[in-house]
Amino acid sequence: MADIVLATLNAKYIHASFGLRYLLANLGDYRDRAQLQEFDINQRPLEIAESLLQNGPKIIGLGVYIWNVTQTTQLVSVLKRLQPEVFIVLGGPEVSYETEGQPIVELADFVITGEADLAFRELCGRLLALDLPATKTIVPSLPQLGDLRLPYSEYTPEDLAHRIVYLEASRGCPFTCEFCLSSLDIPVRQVPLDRFLQELQLLIDRGLRQFKFVDRTFNLNLNVSKAILLFLLERHQPGRFYHFEMIPDRLPSALREIISRFPAGSIQFEVGIQTFNPAVSDRISRRQNLDALTDNFRFLREQTGVHIHADLIVGLPGEDLSSFGQGFDRLVALRPQEIQVGILKRLRGTPIVRHDVEWGMIYAEHPPYEVLQTAHLSFADLQRMRRFARYWDLVGNSGNFLEAVQLLWTLSPSPFAQFLRTSDWLYSRLRRTDQIALVRLYELLFEWLTRELKSPEDQVAKVIWADFSRGRRVDVPRFLSPYLPHSESIKFRVTASDSAPKRQSRHWAKPDASPAEPAETPRTDLGQSTSS
């Protein structure tokens, strides 16, 4: 029996809900009466309902996010039809703002907006005592992080071995970017450093290998970020991988010195650029020093082994295709290993809506609320860019096409223009952007480079084979066999530490010399624009 069940529908099994573990850890005297159940969005609502109800709960708390609100709404409808006496409590960003009229809110009994770490425990006490609050929506004050029990002991051995484990040393963001929910969470609050490091040591002792920090601005407080990085560096062992979200224009010498000492491929920095257009940045209240950002990228690429994942957004108010393309080219020239191209989303509660009329912003009314059209980007333009983003992730970010991408860059002064052409052509052949066999994608890139862009077949064949064999594949694909000597073979070694996940580690694979001829070491980045 469990009086309280905490549950959510994750996007994938590998994601472990951080928020629910915080709620579980802070239930106090009710902790022994509670259990955690996690599902994913591909599971059927009826099967999830069966699992949730089988232990006779009195309260079911559900985490609601942009990726699961549709399925969770169906789930709540089923639960209330089957057992209306069970209290359904909602929380999470999707139900923290603009709750009026949301179908899932109307179905549920109570909603806790914002950070519910302590408020959920209080509500459970009242519901179990049948002392019901007078209002459905509960708006708690922000908890002090020093008052919370940290959630890391709620991660099971299976979680540590097979799932993404999230950590946070701080909450909030000092910036006011209008597209982001974090802009509403001011000021930044720190977890007491000594307690956090103790918990970090316990995770290390339990064998955790991949550490994903969710702090929106990990390097904001330099003393804290230095202490954590030094703590990890002093205890680093092969096989460990650390992910941080960083402010791209804030990397002073003290941090640089520590970062440069980590083994290649053991750290990933996620940096939000979003736009290089100063007028657009001003319009959405985003502040960043582009000169400092450029200098920091150069340092990271030339003097460290950090894997850089950089973000750009399509569809910001006032930005057209030309402006975005210039920003993409500029970012390519800075050589991050990955460029995430995202379509602007109108998240509930964000002030980006103030631009709707002036800049012709039209958004989808259903999750994920992506922009459909702006004054400067037609619906057709944004559809092209959705395909661009998907194909770029498959080709440019995956690490499967490092050499082919380099060759593409040599054939045009603009990487953006070149890949937009590539994307359009791929869609003309495939008419889809998902469920594409990898070998089919290699074959299409070969065809595009040789037949459409008129590159020499033997040169392209070697490039494609170098990429293909980087994934430890030894059988030459049929479409390449006429162009490769029978003895052609390239063996790859990973020069970074073995700590990086598979996707990241492909960016660090280097070829040994083949029996046929010495192999040049491929450039393992997204390439330098020929116009830069």
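The values are calculated or read from the model by the stated rules, or taken from the named source; none is laboratory data. Quick caveat: nothing in here was measured; it's all calculated off a predicted structure. Glycine also receives a Cβ, built like all others from the backbone with ideal geometry; neighbour counts cover every protein chain displayed. Ligands, DNA and RNA are stripped out before the accessible areas are found, and what is left, the full protein with its side chains, is counted by its heavy atoms. Shrake-Rupley method; radii C 1.70, N 1.55, O 1.52, S 1.80 Å.
Couple of notes before you dig in:
- Charges were assigned to the Cβ only: +1 to each Lys and Arg, -1 to each Asp and Glu. The resulting dipole of the stretch 353-503 about its Cα centre is roughly 420 debye.
- In the chain, Cα pairs under 8 Å separated by at least six residues give a relative contact order of 11 percent.
- Structure-based [θ]222 nm, the chain - -39500 (n - 2.57) summed over DSSP H runs of at least 4, per residue, nearest 500: -10500 deg cm²/dmol
- Excluding ligands, DNA and RNA, the accessible surface per residue across the chain is 43 Å² with a 1.4 Å probe.
- Dipole magnitude of the chain about its Cα centre (Cβ charges: Lys, Arg +1; Asp, Glu -1), debye to nearest 20: 880
- Only alpha carbons enter this Debye calculation for the stretch 290-429, each as an equal point scatterer, and the log10 of I(q)/I(0) it gives at q = 0.12, 0.14, 0.20 Å⁻¹ is -0.54, -0.72, -1.25.
- Reachable lysines from K58, criterion Cα separation under 22 angstrom, eight or more residues apart if same chain: K80, K136
- When a 1.4 Å probe is rolled over the protein heavy atoms, the share of accessible surface on the stretch 66-216 that falls to carbon and sulfur comes to 54 percent.
- Dipole-positive endmost among I362, V224, V341 within the chain (Cβ charges, Cα centre): V341
- Database remark: amide H of G92 closer than 5 angstrom to the amide H of V64, G114 (H placed geometrically; neighbours at sequence offset of 5 or more, or on other chains; Pro and chain starts carry no H).
- Taking the convex hull of Cα positions in the stretch 213-292, its mean projected area over all directions (nm²): 5.8
- Computed in the context of the full set of protein chains, the accessible area of the stretch 354-508 at 1.4 Å probe radius has 50% of its extent on carbon or sulfur.
- Of the residues W448, T304, V188, the one whose Cα sits farthest toward the positive end of the charge dipole of the chain, with +1 on the Cβ of Lys and Arg and -1 on the Cβ of Asp and Glu, is W448.
- Under 21 Å from K462, Cα to Cα: lysines that are on another chain or at least 8 residues apart: K454, K491, K510
- The dipole here belongs to the stretch 293-424: it is taken about the Cα centre, uses +1 on the Cβ of Lys and Arg and -1 on the Cβ of Asp and Glu, and is about 140 debye.
- Amide H contacts of L167 (H built 1.01 Å from N, under 5 Å, at least 5 apart or other chain): K212, F213, V214
- Candidate cross-link partners of K226 among the lysines, defined by an alpha-carbon separation under 18 Å and a same-chain spacing of 8 or more, comprise K212.
- For I41, solvent-accessible area (1.4 Å; no DNA, RNA or ligand), Å²: 40
- Amide H partners (placed H, <5 Å) of I267, local residues excluded: Y242, H307
- Over the C-alpha trace of the stretch 379-426, radius of gyration and Dmax come out as 10.6, 33 angstrom.
- The Stokes-Einstein estimate for the chain, based on a Kirkwood radius over Cα pairs and taken at 37 °C with 0.692 mPa s viscosity, is a diffusion coefficient of 130 µm²/s.
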